[in-house]
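The structure appears right after this line, and notes come after that.
The values are calculated or read from the model by the stated rules, or taken from the named source; none is laboratory data. Quick caveat, the model's predicted, so the values are computed rather than measured. Please note: Cβ atoms are built from the backbone with ideal geometry, for glycine as well, and neighbour counts cover all protein chains shown. Accessible surface is based on the protein model in full, side chains and every heavy atom, while ligands, DNA and RNA are left aside. Shrake-Rupley method; radii C 1.70, N 1.55, O 1.52, S 1.80 Å.
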Amino acid sequence: MTQVNSRREFIIKMASVSGVVAAGSVLSACGGGSSNDPMLQFNYGVASGDPKTDRVILWTHARYVGSSDTVALTYQVATDVGFTTIVSTGTATAGASSGYTAKADATGLTAGSTYYYRFVAGRWISPVGMTRTLPAADVTSVKFAVFSCSLYSAGYFNAYDSAVRSGAQYALHLGDYIYEYGSDPAKFGNSNAATLGRVTAPDNEIVTLEDYRTRYAKYRSDPNLKTLHATMPWITVWDDHEFANNAWVDGAENHNSATQGPWAARKAIAAQVYHEWMPIRVQDPANLLKIYRSFDFGSILTLHMLDTRIEGRTKQYDAYGDEDGGTLRYYTALANGTDAQHPMISATQQKWLTDGTLASKATWQIMGNQDIMARMWFPKNVLDAQNAAFKAPTAANQTAVVTAINSFLTAKATPSGLRTQTQADLVSTTQNPRLPYSLDSWDGYPMQRETILQTIRGQGKKLVTLSGDSHNAWFTNLTTLDNAKAGVEFAVTSVTAPGFESVGLDALQSSLDGTVFSLPPFVSASTPVQYGTGLGLIDDLNYVDAKRRGYLLMTATAASIKGEYVFVDTIASTTYTASTGKTVTVSATNMSVSYT
């Protein structure tokens with residue numbers, strides 16, 4: 001049987017399993033043995049992750065009905081779905097100390113190969129999963145799906161369902177796999193949860209060990225997520241919501257030590273439960289907070305998965321409650337040089353990253369990165385008008401925002417020799433500075449970003465960052481402070497979490513990336529839209545979708561890397577349509593970009 005046919009057969013079987021899961025039936029099969037054995041439930045399916053060329057992490061959750069006994073499991077890995085040829089086997093246990101989750105590192109596998117796996121305990125057999133090892137050096141193509149920001153209460157995980165049939169070999173999740181908020185309808189993304197039957201559990205914001213375990217169980221009960229986990233290996237990192245919103249090493253915006261206890265305790269619990277429920281290989285048993293690691297996909301790419309959130313991040317400039325949102329702190333730190341002591345990742349992780357890019361012989365160096373790395377800088381005249389409108393949303397202030405945007409875009413599109421003095425001042429970065437709109441992203445840690453980009457550029461490497469967190473889709477140039485191109489960034493939209501459209505900012509989409517000038521009334525409706533013109537509000541932004549949910553489908557070869565921005569037309573129904581909104585291809589020859 002060919003790999004394609006094998007995959008198709010497996011997906012058809014998984015689709016039937018998903019129907020059983022959705023109906024609430026027990027996920028276990030019965031083999032031989034005593035009928036007096038207590039029933040064993042595999043209610044959250046199986047998963048695999050962190051593949052290497054010769055091994056992969058296997059995961060399940062197993063518990064006897066009405067019992068707290070530890071479950072002794074045997075895992076089996078086979079080359080066929082019928083398990084006639086078992087190539088790896090071993091033991092694992094699921095007990096109270098791990099919340100009845102179990103993981104095993106299945107070894108002795110062959111590079112670039114597809115395998116089927118399951119867990120067995122007596123006569124009870126788990127669902128079957130499909131996984132894959134990393135490819136050998138001579139691989140010609142790698143395909144993977146990229147996700148971020150999956151808020152259960154905001155809607156259905158249709159992006160996960162679409163990815164099952166996308167042809168992806170691996171899945172990457174860049175963080176915010178869960179959210180910590182309670183079920184209060186007033187909380188972020190919860191307004192439609194009751195109507196959709198997507199109310200989260202527990203009802204309260206998660207703080208305790210049991211809280212975090214219950215929240216992961218709720219997410220993993222989702223049939224689409226369960227199926228995608230069982231269909232391909234995942235490589236994941238956390239962001240803030242696996243802990244609490246806008247976290248840093250010593251705290252979080254959404255943590256109150258007076259009512260929720262010490263941050264260090266909550267952080268340790270969150271990390272423990274993440275490792276319990278995710279198919280991730282532990283990097284250091286003595287330090288579960290260390291998750292940065294790399295993966296070699298043959299000679300095509302090396303994937304460096306960063307932790308920009310928990311491991312080394314200092315407090316954000318905008319986390320002090322300043323009326324100006326931290327802008328003065330930001331510019332003061334840049335002016336006096338103290339931003340150099342304001343890292344997003346530790347010096348140890350930074351050295352690991354740049355040593356890794358230097359040592360890698362692969363064509364592409366890809367950073368799996370939680371937060372937007374590109375310079376998302378807006379002109380000051382636009383930000384000033386927008387901030388005034390947020391504080392006082394009068395008709396006059398709203399009109400002032402539109403005027404500020406139109407004035408800047410018109411000035412930018414006007415040839416330099418034809419600009420008025422007012423227009424020249426608007427374009428000038430001295431008279432009208434560009435300001436970051438999010439100091440929680442890499443924009444809030446500019447000197448460390450500069451050092452990393454300059455280092456990798458100096459190595460002569462082809463750099464691509466994959467980023468999440470923003471809930472919108474972006475494609476940008478990665479540039480240094482002297483405007484030298486250091487790479488490109490594909491930023492994925494959210495699976496379900498609301499984006500710019502939730503606050504009416506999706507109307508800015510064509511102004512952000514400059515495509516407004518290739519749309520009516522500037523040109524005829526038949527004129528192709530031009531991307532990458534540099535004529536938008538954000539200089540380095542080439543493409544944005546500021547209103548749709550979905551995922552990225554990446555295909556890498558020695559010649560190019562291609563990102564397909566896949567969107568679903570709804571998350572309010574399980575009946576949906578998926579389509580590719582834009583395909584961006586970057587050439588390995590000169591990092592030139594094409595759009596289709």
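State yes or no: is L209 at pLDDT 95 or above and under 19 Å from the mean Cα position of the chain (by Cα)?
Spelling it out, it is not the case that L209 is at pLDDT 95 or above and under 19 Å from the mean Cα position of the chain (by Cα).
What is the number of the single condition among (1) surrounded by fewer than 15 Cβ atoms within 10 Å (Cβ to Cβ); (2) in contact with an Asp or Glu (Cβ under 7 Å, 6 or more places away or on another chain) that G536 does not meet?
The number of the failed condition is (1).
Let's see how each residue does on (1) in contact (Cβ under 8 Å) with a residue 40 or more places away in the chain; (2) in a helix (DSSP H, G or I); (3) not hydroxyl-bearing (S, T, Y):
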site	(1), (2), (3)
T496	yes, no, no
S502	no, yes, no
A507	no, yes, yes
S511	yes, yes, no
F517	yes, yes, yes
P520	no, no, yes
T527	no, no, no
Y531	yes, no, no
G534	no, no, yes
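Among the residues of the stretch 216-244 satisfying the criterion of being closer than 18 Å to T496 by Cβ and in contact with a strand residue (DSSP E or B) (Cβ under 6 Å, 6 or more places away or on another chain), which is surrounded by the fewest Cβ atoms within 10 Å (Cβ to Cβ)?
T236
What pairs come out if I take residues in the stretch 453-470 that are closer than 20 Å to A491 by Cα and of a type in the set (V, I, T) and pair them with residues that are open to solvent by less than 50 Å² (accessible area, probe 1.4 Å) and part of a loop (DSSP other than H, G, I, E, B) whose C-beta lies under 7 Å away, six or more apart or interchain?
T465/M373
Look through T348, T394 and report the one residue that is of a type in the set (S, T, Y), open to solvent by 10 Å² or more (accessible area, probe 1.4 Å) and more than 25 Å from the chain's Cα centre (by Cα).
The unique qualifying residue is T394.
Among residues belonging to the stretch 313-324 that are assigned to a loop (DSSP other than H, G, I, E, B) and open to solvent by 10 Å² or more (accessible area, probe 1.4 Å), point out the one that is farthest from Q349 (Cα to Cα). Give the steps one after another, and end with the answer.
The first filter runs over the stretch 313-324 and keeps only residues assigned to a loop (DSSP other than H, G, I, E, B), leaving 313-316, 320-324.
Retained after the next criterion (residues that are open to solvent by 10 Å² or more (accessible area, probe 1.4 Å)): 314-315, 320-324.
Working: T314: 14, K315: 17, Y320: 26, G321: 29, D322: 30, E323: 33, D324: 31 Å.
Only one residue tops the list, namely E323.
Provide a single number: the residues in the stretch 367-385 that are touching a strand residue (DSSP E or B) at 6+ places or on another chain (Cβ under 8 Å) and in a helix (DSSP H, G or I).
2
List every residue pair whose Cβ atoms sit under 6 Å apart, with the two residues 6 or more apart in sequence or on different chains, where the first one lies in the stretch 408-425 and is more than 21 Å from D384 (Cβ to Cβ) and free of Cβ contacts under 8 Å to residues at least 12 places away in the same chain and the second, anywhere, is open to solvent by less than 70 Å² (accessible area, probe 1.4 Å) and assigned to a helix (DSSP H, G or I).
Listed pairs, sorted by first residue: T414/Q423.
Among the residues of the stretch 91-128 satisfying the criterion of being among the β-branched types (V, I, T) and free of Cβ contacts under 8 Å to residues at least 60 places away in the same chain, which is most open to solvent (accessible area, probe 1.4 Å)?
Ranking the candidates gives T91 first.
Looking at Q260, Q283, which one is polar (S, T, N, Q), closer than 22 Å to I345 by Cα and surrounded by fewer than 22 Cβ atoms within 10 Å (Cβ to Cβ)?
Testing whether each residue is polar (S, T, N, Q), closer than 22 Å to I345 by Cα and surrounded by fewer than 22 Cβ atoms within 10 Å (Cβ to Cβ) leaves just Q283.
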